[in-house]
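The values are calculated or read from the model by the stated rules, or taken from the named source; none is laboratory data. Small disclaimer: the values here were computed from a predicted structure and weren't measured. For neighbour counting, all protein chains shown are included, and Cβ atoms are generated from backbone atoms with ideal geometry for every residue, glycine included. With ligands, DNA and RNA removed, areas are computed over all heavy atoms of the protein, side chains included. Shrake-Rupley method; radii C 1.70, N 1.55, O 1.52, S 1.80 Å.
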Amino acid sequence: MSTPVQSPENPSGHESTQDVATYDVEATQAKWLERWDALDLFRADDAVALSGEKPTYYALTMFPYPSGDLHMGHAEVMALHDVVARYKKFRGFEVLNPMGWDSFGLPAENAAIKRDEHPAVYTYANIETQYDSFKKYGLAFDWNRRLHTSDPEYYRWTQWLFLKFREQGLAYRKNSPVNWCPNDQTVLANEQVLGDGTCERCGAEVTKKELTQWYFKTTHYAQELLDCLDDLQDNWIAKVANAQRNWIGRSEGAHVSFDVAGHEPIKVFTTRPDTLPGATFMVVAADAKLAASLVTDAQRPALEAYLDEVKKASDIDRLATDRPKTGVDLGVTATNPLTGAQIPVWASDYVLADYGTGAIMAVPAHDERDREFAEKFGLPVVSVYDEDAAYDKAAEISSAIAKIEASGHGEGTINYRLRDWLLSRQRYWGAPIPIIHCPVDGEVAVPEDQLPVVLPELSGAALKPKGTSPLGGATEWVNVACPTCGGPAQRDTDTMDTFVDSSWYFFRYLSPNDDTQAFDPALAEAWGPVDFYLGGDEHAVLHLLYSRFFTKALRDMGLITWDEPFSSYLSQGKVINNGKKMSKSLGNGINLGEQIEKFGVDAVRLTLVFASPPEDNIDWADVSPEASLKFIKRAWRLAGDVTSSPGIDPASGDVALRRVTHKTIHECADLLERHRFNVVVARTMELVNATRKAIDNPSIGGADAAVREAVEAVAILLSLVTPYAAEEMWELLGHAPSVAQAAWPTVDEALLVDDTVTAVVQIQGKVRGRLEVSPSISEADLEAAALADPAVQRALEGKTVRKVIVRAPKLVNIVAG
RNA sequence: GCCCCCGUAGCCCAACCGGCAGAGGCAGCCGCCUUAAAAGCGGCACAGUGUGGGUUCGAGCCCCACCGGGGGCACCA
């Protein structure tokens, strides 16, 4: 237990820093954990938000998946997030800062199979472990709003939203070639397949399967999802907005139809309609239905043989751009609508079935891929323009589109790379899709009053992936009466992608216990949208795009009025060790619990916040929790050396120290708004150093009113990062019950201005003299003073002053020659 | 190949609207304190901003090209 030199109520006047009791990390943590629990400091008040008596601030950080205990990555994101949440509370906002668990998902299911138990056992045990760790970590969460997406009370509304989306035409089922993870034995959304064709979750090579699956119509909002990024980008970290733009992949061009004798015309998408005269052949995706319907009987065996070959090639091979072109002539010709030329139609795997129309016009003169193909198969090359000469591409394209439109063979159009979101999964631990399949009535929605469709109790081996959903094995659960006709029918046995759960959790936090609606629209209006969202880069496209889609859909349903869920977004870097990602195989993992054990919560948090700007990676080898703890003790010791009483008027204190204090507060406020948390810590260190010097200076000392003012500022600033030590300091300073309830210090503008400032005198941009001047000096006076300066005059000897640039009060630059 | 971000002391990083390159820290060195050590306190040193041009009175900051690193997209027509 820490024993301060003197009690704050009864300042003893000890000035010595010797014999100071040591700061007891463990005891301090235990003491404040208990007090905080009783104080419930961070409860967000809906009544305040609804009344508008205070501005609201919705601070959100991505909720964790409950796999084991919290780790270094969690520690970083939570430490950073907490700075923002606590700061906004200080600034008078009613802060909503909730936390919960994204608790559906595969790891629990895999653990359940291995241990022969129910996934809920693993899930909820880990949640409790993480909850305890969160509490100990001293975070400013409103735990009254805690939620778990795997609770039936939560997924009831996930299911309700699915049904609402379906009513809006935003959820539908279709048969299509889909991504299949052979390891997890389930389909995946496009977003869950990495650039190298592997599963985002398990790393297995993803294959294609033809299946009927549920989709959300994300493409409905493609343009809006793109447009809104322009408004967001000032407050969103640039790389994430960029990643979303790339993912949406807008391209402008035209649809052009090529007539084919005895067949529907072939429609292509092209970004280069100006090169239509050079289209000397066409290529359709070999695996598209179009190829099969175009091919002549004579060429059909060749196409089928080619298809067999293509299917053998893995996706990874297919993704290699340097692979030689292959293909087969379909035996038909199409008419180039501009030249009237009869051009052959080929099939190849370099054309993708699910992008554009699955067919292209090939212009070998101006497209490298088409050129390769033409060279390989001896097809003609017709140049449209000289690539080395000047060519107004934009103008040529728009005039080409006009020409095509006039001829009735197509129109200008916009194509997106974004696909609809495949949301059904063939796994157990997720929200069941609330649909009943009836032989008479087809797809029937489960009536709202029958929600939630609760998962049947399955555990252990019954969850083993077998390519179809484990729910299919729960026959009693599957077989139900059709809600429409009452006849025998069957439940849909797929569950929803867990990204569905997390696409709307920030709405549920608004009214987490409401059993009449998914969330309260009035509270959404009062609190929303999220003002600050912090998370990981790995969700740049996945979670963030899906949540944006949900928000737009909810807006169009009239439940909310705003367009975007997250007004600002920041993603923190990773915690690495010795230049490498922490991993079991490398044996370089840093255990969070051990670090906290050794240095305490505050030191770990301080280390993470101070190490670098939030978005940069932190290499644990480059930082020093020991040093952080040293600094915390040093700051804490200041409080013990303050001998004045609370409430003393700081105006009587040392002005130099007061200046440092007020400048620090002023600058920190700006830095906090700009999320430069590492610099906030650096500024606080400076203030601590200056305060130490003042205390140790016999003519100032611990009784000076400015010292109290400075140390109180330190306690408030530090409470953003090291809440335990800050509370301890606040108490030593004679305040109660918690520093979190302190008011942010008011900055005295007069103290931000120094009596004199140093003006630099430059000649030709080189510093030649310095002047101590008043900060309010006029430009004319400063210029005169500079020219009168002996050192300057010496340097100007024999030269003519051509021009004098004055930037009062900091600088004079004399151009002479 | 296209797009985005970043290169500042040995290391992690500051630097406002273009205005004296250095705030904070780590590691290092030297003192003070101490019987000694630890803790604490004080001090020192270290770069001219990846490279080459340009704009400007003045460039780490703006523009162009290149080099290096990170990320996104990618046979996407």
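Miscellaneous remarks
- Among the residues making up the range A:384-393, a single one is closer than 13 Å to A:Pro273 by Cβ and either open to solvent by 70 Å² or more (accessible area, probe 1.4 Å) or in contact with an Asp or Glu (Cβ under 6 Å, 6 or more places away or on another chain) (or both): A:Lys393.
- Filter pass, A:Ser103 being polar (S, T, N, Q), under 30 Å from A:Thr186 (Cβ atoms) and not assigned by TED's automatic domain parsing to the domain that holds A:Val714: yes
- So A:Leu455, is it assigned to a loop (DSSP other than H, G, I, E, B) and surrounded by 17 or more Cβ atoms within 10 Å (Cβ to Cβ): yes
- Among the residues of the range A:81-138, those that are of a type outside the set (Asp, Glu), over 22 Å from the mean Cα position of the chain (by Cα) and open to solvent by less than 10 Å² (accessible area, probe 1.4 Å) comprise A:Ala108, A:Ala112, A:Pro119, A:Thr123, A:Ile127, A:Tyr137, A:Gly138.
Conditions tested, residue by residue: (1) assigned to a strand (DSSP E or B); (2) modelled with pLDDT of 90 or more; (3) open to solvent by 50 Å² or more (accessible area, probe 1.4 Å).
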{"position": "A:Val345", "(1), (2), (3)": "yes, yes, no"}
{"position": "A:Asp354", "(1), (2), (3)": "no, no, yes"}
{"position": "A:Met361", "(1), (2), (3)": "yes, yes, no"}
{"position": "A:Ala365", "(1), (2), (3)": "no, yes, no"}
{"position": "A:Asp370", "(1), (2), (3)": "no, yes, no"}
{"position": "A:Ala374", "(1), (2), (3)": "no, yes, no"}
{"position": "A:Pro380", "(1), (2), (3)": "no, yes, yes"}
{"position": "A:Thr413", "(1), (2), (3)": "yes, yes, no"}
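- Comparison of A:Ala238, A:Ala254, A:Ala286 shows that the only residue that is free of Cβ contacts under 8 Å to residues at least 60 places away in the same chain and either touching an Asp or Glu at 6+ places or on another chain (Cβ under 9 Å) or within 30 Å of A:Arg676 (Cα to Cα) (or both) is A:Ala238.
- Enumerated strands (runs of 3 or more DSSP E) restricted to the range A:157-263, each holding at least 1 residues that are of a type in the set (Lys, Arg) and within 16 Å of RNA strand B (Cβ to nearest atom): A:207-216
- For the range A:724-732, the condition of being open to solvent by 10 Å² or more (accessible area, probe 1.4 Å) and of a type in the set (A, V, I, L, M) holds for at least one residue.
- Residue in the range A:634-650 that is among the aromatic types (Phe, Trp, Tyr), crowded, with 23+ Cβ neighbours inside 10 Å and more than 9 Å from RNA strand B (Cβ to nearest atom) present: yes
- Of the residues making up the range A:271-312, those that are touching a Pro at 6+ places or on another chain (Cβ under 8 Å) and either of a type in the set (A, V, I, L, M, F, W, C) or part of a strand (DSSP E or B) (or both) are A:Leu276, A:Phe281, A:Met282.
- Taking the range A:239-276 as the range and being touching a Leu at 6+ places or on another chain (Cβ under 8 Å) and open to solvent by less than 10 Å² (accessible area, probe 1.4 Å) as the test, the residues that pass are A:Val240, A:Ala241, A:Gln244, A:Ile248, A:Val256, A:Ile266, A:Leu276.
- Of the candidates A:Leu534, A:Leu523, the single residue that is in contact (Cβ under 8 Å) with a residue 12 or more places away in the chain, more than 16 Å from RNA strand B (Cβ to nearest atom) and in a helix (DSSP H, G or I) is A:Leu523.
- Residues of the range A:651-678 satisfying the condition of being among the aliphatic types (A, V, I, L, M) and either without any contact (Cβ under 8 Å) to a residue 60 or more places away in the chain or away from RNA strand B (no atom under 14 Å from the Cβ) (or both): A:Ala651, A:Val655, A:Ala656, A:Leu657, A:Val660, A:Ile665, A:Leu671
- Test for A:Leu232: is it buried (at least 18 other Cβ atoms within 10 Å of the Cβ) and under 26 Å from the mean Cα position of the chain (by Cα): yes
- Test: A:Arg683 is among the basic types (Lys, Arg), in a helix (DSSP H, G or I) and within 32 Å of the chain's Cα centre (by Cα): yes
- Restricting attention to the range A:611-633, the residues being near RNA strand B (Cβ under 7 Å from one of its atoms) and part of a helix (DSSP H, G or I) number 6.
- Counted residues, the range A:581-627 - those being open to solvent by less than 10 Å² (accessible area, probe 1.4 Å) and free of Cβ contacts under 8 Å to residues at least 60 places away in the same chain: 2
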